[in-house]
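Data first, discussion second: the structure below is written as structure tokens.
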Amino acid sequence: MAKNKILIIEDEEAIAKMIAMNLKVADYEVQLFYDGKEAADALPDRHDYDLALLDVMLPGLDGFQLLEYMKEYKIPVIFLTAKDDIGSKIQGLKGGAEDYIVKPFEILELMVRMEKVLERTKKLSNVIQVLNMEINFEEHTVRQNGEEIPLKPMEFELLAVLAKNKNIAISRENLLRMVWGIDYMGETRTVDVHIGQLRKKLGLGDSIKTVSKMGYRLEE
């Protein structure tokens, strides 16, 4: 299964490496640049990226200038920046960026927004492989070793969120919002019950880890 290729251009090395590390854990292929001009100069030789994460304030060329290069190669862009003024947001979004995220941000929020952009731009695969499972989002099916395992709709959605964010701990509250929606009025116990069903039906007792006083993580 081909990995989605993500271009990160961020001059704060610690932030860039933190993002890259988390994306690699989640099975993305990552290319890092710390300078805008260096990134632009490299694009003619390689531009098969599914998404670019751009800081606005960069040495060489800034993020707004780089956006024009990304548009030339039809690379969708999410801005990650400390510039939270409305003028910069409007400039970025009207200029053609898919999203604009202000620092500091949670890595899980970034992953969810990336997924939405990849879905919207038709660059997200309809099928992913995790452990011994093949999850098909178009068919809404899960197969283990070729055999389809029937899941209820919310069980499938919960598994999908865990699989798309594998190796990342997600709180019960975030799972409720991501699976059941922000308007859901139920308790976090709902998550625990559905996790129990996934563990039982798919034999994931050792792979869906409980994170003490927090939530769950699907490990691969």
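The values are calculated or read from the model by the stated rules, or taken from the named source; none is laboratory data. Small disclaimer: the values here were computed from a predicted structure and weren't measured. As a convention, Cβ positions derive from the backbone with ideal geometry for all residues, glycine included, and neighbour counts pool all protein chains shown. Only protein heavy atoms, including side chains, enter the accessible area calculation; ligands, DNA and RNA are left aside. Shrake-Rupley method; radii C 1.70, N 1.55, O 1.52, S 1.80 Å.
Of all accessible surface on the chain at a 1.4 Å probe, what whole percent is carbon and sulfur?
Roughly 49 percent of what the probe reaches on the chain is carbon or sulfur.
When the solvent-accessible surface of protein heavy atoms is calculated with a 1.4 angstrom probe, in what order do I78, I149 fall, highest first?
On the way: I78 0, I149 30 Å².
Listed by decreasing accessible area, they come as I149, I78.
Using the Cβ atoms and a cut-off under 12 Å, what net charge is assigned to the surroundings of D55, where Lys and Arg are +1 and Asp and Glu are -1? Present the calculation step by step, with values, prior to reporting the outcome.
Working: positive: K83, K103; negative: E10, D11, E12, E13, D35, D62.
Summing Lys and Arg as +1 and Asp and Glu as -1 gives -4.
How high is the relative contact order of the range 75-220, in percent, with contacts defined as C-alpha pairs under 8 Å that are six or more residues apart? Working shown, then result.
Working: 161 pairs, mean separation 24.1, N = 146.
Over the range 75-220, the number comes to 17 percent.
Where q = 0.15, 0.22, 0.25 Å⁻¹, what log10 of I(q)/I(0) comes from the Debye formula for the range 123-220, counting one point per Cα?
Values, matching the q order: -0.55, -1.21, -1.52.
Could you provide, to the nearest whole Å², the per residue accessible area of the range 97-220 with probe 1.4 Å? List each step's numbers first, then the result.
Details: 6540 Å² over 124 residues.
On a per-residue basis, the range 97-220 sits at 53 Å².
Determine the relative contact order of the range 30-71: mean sequence separation of Cα pairs under 8 Å and six or more apart, normalised by residue count, in whole percent.
On the way: 28 pairs, mean separation 19.5, N = 42.
Relative contact order for the range 30-71 comes out at 46 percent.
Go through R189, R177 and list them by solvent-accessible area, largest first, probe radius 1.4 Å.
Working: R189 145, R177 120 Å².
From most accessible down to least: R189, R177.
Using a 10 Å cut-off on Cβ atoms, rank the peptides 209-218, 43-52 from the highest mean neighbour count down.
Details: 209-218: 14.7, 43-52: 16.6.
Top of the packing list down: 43-52, 209-218.
Got a sec to turn the phi values of the range 116-122 into Karplus ³J(HN,Hα) couplings, 6.51 cos²θ - 1.76 cosθ + 1.60 with θ = phi - 60°, whole Hz, x for Gly and Pro?
Those phi angles translate into 5, 5, 5, 5, 5, 8, 6 Hz.
Considering the chain, what Rg and Dmax in Å follow from its alpha-carbon atoms?
Rg, Dmax (Cα atoms, Å): 18.7, 54.
What are the extents of the Cα atoms of the range 18-93 along their three principal axes, listed from largest to smallest and rounded to whole Å?
For the range 18-93, the Cα extents along the three principal axes come out at 34, 27, 21 Å.
Semi-axes of the equivalent ellipsoid of the range 78-119: what are they in whole Å, largest first, if each equals the square root of 5 times a C-alpha gyration tensor eigenvalue? Numbers along the way, then the final one.
Details: eigenvalues 63, 38, 5 Å².
Taking √(5λ) for each Cα gyration eigenvalue gives 18, 14, 5 Å.
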